[in-house]
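Only one structure is covered here, and it is reproduced in the block below.
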């Protein structure tokens, strides 16, 4: 805006050459309206007081002010266009710049003073309409603007002469225009969807020309591309004081309502197409709405049914009686109701219908009526009754019934099936009937069976199947397929009855010859026959074979302690569990007393065999309950794989037996796959075994004693026993290196017995000398725990050496408790009765629960050295140590840390409650004489004086 200096003159000075305008200036001063006179160059010749005051110049305009300076650029060009033409008058909406405020929007009429001289008339008069438009143009600020915005409705007004739109802010929001935009009728019509534009043009035209009010729905394409639905209504207002006619009306945003109407229409189409009869009743039981099926049933139309009471439109029938009987439940209680009614159809047949009454609630959760849904269930109820009758027969029949889906998976069986086969329903659902396969029939037998079943829909004949306990039995089987209405197979049903077999019949004789009478599994004869068949090189599509030999560990102990009847039951239970673990096509046989054989075809790699072995071990891990006894069994497995041509059945069996022997020699409860030893390996192993045996006989082994120290005082409270080997050829073999050699040479039990006897002898010698040795701690291996008669042997050693059992402690690794829980419990209880101390070593490497410790007579825990070795750099290992110490303190069990090597570890352990430890910080493993001398040095420290004996042996 130009900043102009005011003048005291009320009219602009004019050139003296135009003295004929003086009278015009005086006339303008007398007018109450806003007017201005311009020359052909748009310079202000004269202006009224009202005009100059409107624009902020109460004392008049400056002499050098041009009218174009008061206009926006777009409006100035419009005035220039008028001056350049020969028109005598026109109306223009222009925005005038004010001196110190916002622009003023006005409607101005331009008149040429000397029409005959156009377009070069020297003087032009501009007269401002008496009705001025507020400073915010084209937008009505109405008191109800906020309410209109909330309701989505807006007022509008269109000047017919200029086409300018005057509207509220909500109108701009609906159409998507910017609030300060100068909008014309043409721009509004251009925003209407092309499919609706003709209707809008016609309506506006009739309104202007014929004064016909209009109302129509249309779509708005907003500038941002979004679409809205609107309803516009308007009419032509008669000319006012300014003589200009106007169109006025309202526009309503119905986008959401339109979407709701469309959704309601779709819902109505769905409801109308439903075969169910659906109606809505108000609280007075008058019919407010109904679909076509309901109206057809009552033989009425919408016009003569809606709004009338239900009894009037439906009559005094079962439906009305049911609805009125449940009015209180639905309307007052707000609960749905369901019941059946019987109606007589147009054909005279009685139909059964299910009626459902649902309370209808409004937005305030008040029940406003009832929705009635009526469904013809005549055929459904008939089917249900037939199903109930069939179910009774199905459950009561003495024949076994089995039903599968189209894929052959069992979906239902009856009680007779479970009684005959031994399988409960839950055990067979989802599985295939092949789990009953006895393997007495060839593949061609089943191929013919299924070919006839699929082609003719039925098969009947006799078949040998297997019960859950492994017994083979003969049954008469009837199979039938079930088709749906479109001829597609949905189910197969089998009905069978057990057929008795003559004791002298050929089948019975064959069974006795090929099957174990105890477990009903194949015997060695049949197993060997199947192995020969599986390895027959002439077979087509032959696949590699894997042979497993399985032995139950310590089965003789079970027979001796629990009796042979329990042992027989256990064998049957083991056979059943193994049978459930393998595939139906795999062969499981009982070969001898506690040995089973397994034959697998299609095993390509050792990894597959290892996975099968782990699965079998896992199957036997859970305890078995036999006649009230809970029995834990472990199993040793030897595995032989068909690795190439030239291997016959005898070689396979030999390889599996060799692998089984290696598992037993290594401590049992495991598996091993046979592999050809490298050249010289067998000889080297035999020589090592001989060297170990000679060493035991010639005294090459020596015991060492590593002190267990009281951390606070430094006093030696006992010692852990270690062993080393002085071998002339190998040199000095330390304890940690010696143990793998002993295990490889199969001498673990022999060496363990020697260590236990030597420790008892040394303990006796120290006792006779009066040396306060404390408690000797001897480690017991897995082989000693599982195979050696540990308790009686130790009892003999204690008696022969006449030593106090409390001076001796036996140490067991923590993993052994979980690997051999029953055996460990038995041995620990026996040792506890002898009075021997019990230590659990390597604590922290397995999952150890407090309740396990509470049930066992363990009096000392030894933390595994790996956790101590990681302190203090590993917060996680430190946390484990703290947890173990806290658990031991809570259970009142002593605890020792193994492997302490520096003062930091010592101080940490002492601070967190560990009182005993052993490790290189205090002393290495010592010979008996050396240990004796050192012990005498630290056995009696001064009172309350911590002692830190540290011996470094070179």
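Test of understanding: among 448, 431, which residue is outside any helix (DSSP H, G or I) and more than 30 Å from residue 361 (Cβ to Cβ)?
Numbers: 448 fails: outside any helix (DSSP H, G or I).
When all the criteria are applied, what remains is 431.
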- Query: Yes or no: residue 311 exposed (fewer than 13 other Cβ atoms within 10 Å of the Cβ) and either over 19 Å from residue 358 (Cβ atoms) or in contact with a strand residue (DSSP E or B) (Cβ under 9 Å, 6 or more places away or on another chain) (or both)?
  - Reply: no
- Message: As an exercise: evaluate residue 438 against (1) touching a residue at least 40 places away in the same chain (Cβ under 8 Å); (2) farther than 18 Å from residue 482 by Cβ and give the number of the one condition it does not meet.
- Response: (1)
- Task: Among what's in region 558-602 and is under 34 Å from the mean Cα position of the chain (by Cα) and part of a loop (DSSP other than H, G, I, E, B), pick the residue that is nearest to residue 672 (Cα to Cα).
- Result: 582
- Query: Here is a list of conditions, (1) more than 23 Å from residue 52 (Cβ to Cβ); (2) modelled with pLDDT under 55; (3) out of contact with any strand residue (DSSP E or B) (no Cβ under 8 Å at 6 or more places or on another chain); (4) outside any helix (DSSP H, G or I), and residue 116 meets all of them except one; can you say which number that is?
  - Reply: (4)
- Query: Taking region 785-801, which residues are free of Cβ contacts under 8 Å to residues at least 40 places away in the same chain and touching a helix residue (DSSP H, G or I) at 6+ places or on another chain (Cβ under 7 Å)?
  - Reply: 788, 795, 798
- Residue hits (region 858-913; surrounded by fewer than 14 Cβ atoms within 10 Å (Cβ to Cβ) and on the phi > 0 side of the Ramachandran plot) are 892, 913
- Task: Filter region 433-448 down to residues that are surrounded by fewer than 17 Cβ atoms within 10 Å (Cβ to Cβ) and in contact with a strand residue (DSSP E or B) (Cβ under 7 Å, 6 or more places away or on another chain) and give me whichever is nearest to residue 496 (Cα to Cα).
- Result: 437
- Message: Just to be sure before I move on: is residue 217 surrounded by 12 or more Cβ atoms within 10 Å (Cβ to Cβ), assigned to a helix (DSSP H, G or I) and within 60 Å of the chain's Cα centre (by Cα) in the structure I sent?
- Response: no
- Would you tally the residues in region 237-280 being modelled with pLDDT of 85 or more, over 27 Å from residue 193 (Cα atoms) and either in contact with a helix residue (DSSP H, G or I) (Cβ under 9 Å, 6 or more places away or on another chain) or part of a loop (DSSP other than H, G, I, E, B) (or both)? 4
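Are any residues in region 609-638 assigned to a helix (DSSP H, G or I), buried (at least 19 other Cβ atoms within 10 Å of the Cβ) and in contact (Cβ under 8 Å) with a residue 60 or more places away in the chain, and if so, which ones?
609, 612, 613, 616
Is it fair to say residue 605 is free of Cβ contacts under 8 Å to residues at least 40 places away in the same chain, more than 33 Å from the chain's Cα centre (by Cα) and farther than 17 Å from residue 649 by Cα? Steps first, answer last, please.
On the way: free of Cβ contacts under 8 Å to residues at least 40 places away in the same chain: yes; more than 33 Å from the chain's Cα centre (by Cα): yes; farther than 17 Å from residue 649 by Cα: yes.
Criteria met by residue 605.
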- Message: Just to be sure before I move on: is residue 300 modelled with pLDDT of 85 or more, outside any loop (DSSP other than H, G, I, E, B) and either assigned by TED's automatic domain parsing to the domain that holds residue 189 or more than 48 Å from the chain's Cα centre (by Cα) (or both) in the structure I sent?
- Response: no
- Item | Complete set of residues in region 650-677 that are part of a loop (DSSP other than H, G, I, E, B) and surrounded by fewer than 15 Cβ atoms within 10 Å (Cβ to Cβ) | 675, 676, 677
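Take residue 544 and tell me if it is at pLDDT 80 or above, more than 20 Å from residue 437 (Cβ to Cβ) and in the same structural domain as residue 662 (by TED's automatic domain parsing). First the steps, then the outcome.
Numbers: at pLDDT 80 or above: yes; more than 20 Å from residue 437 (Cβ to Cβ): yes; in the same structural domain as residue 662 (by TED's automatic domain parsing): yes.
Here the answer is yes, as residue 544 does meet what is asked.
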- Query: What number of residues within region 127-180 are modelled with pLDDT of 80 or more and not in a loop (DSSP other than H, G, I, E, B)?
  - Reply: 19
- Message: Of all residues being exposed (fewer than 15 other Cβ atoms within 10 Å of the Cβ) and touching a residue at least 12 places away in the same chain (Cβ under 8 Å) in region 337-350, which is farthest from the chain's Cα centre (by Cα)? Just the residue, please.
- Response: 342
- Got a number for residues in region 43-52 being under 19 Å from residue 84 (Cα atoms) and either surrounded by fewer than 19 Cβ atoms within 10 Å (Cβ to Cβ) or outside the structural domain of residue 106 (by TED's automatic domain parsing) (or both)? 1
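The values are calculated or read from the model by the stated rules, or taken from the named source; none is laboratory data. Because the structure is predicted, anything quoted here is derived from the model rather than measured. So basically every Cβ, Gly included, is an ideal-geometry build from the backbone, and we count neighbours across all protein chains shown.
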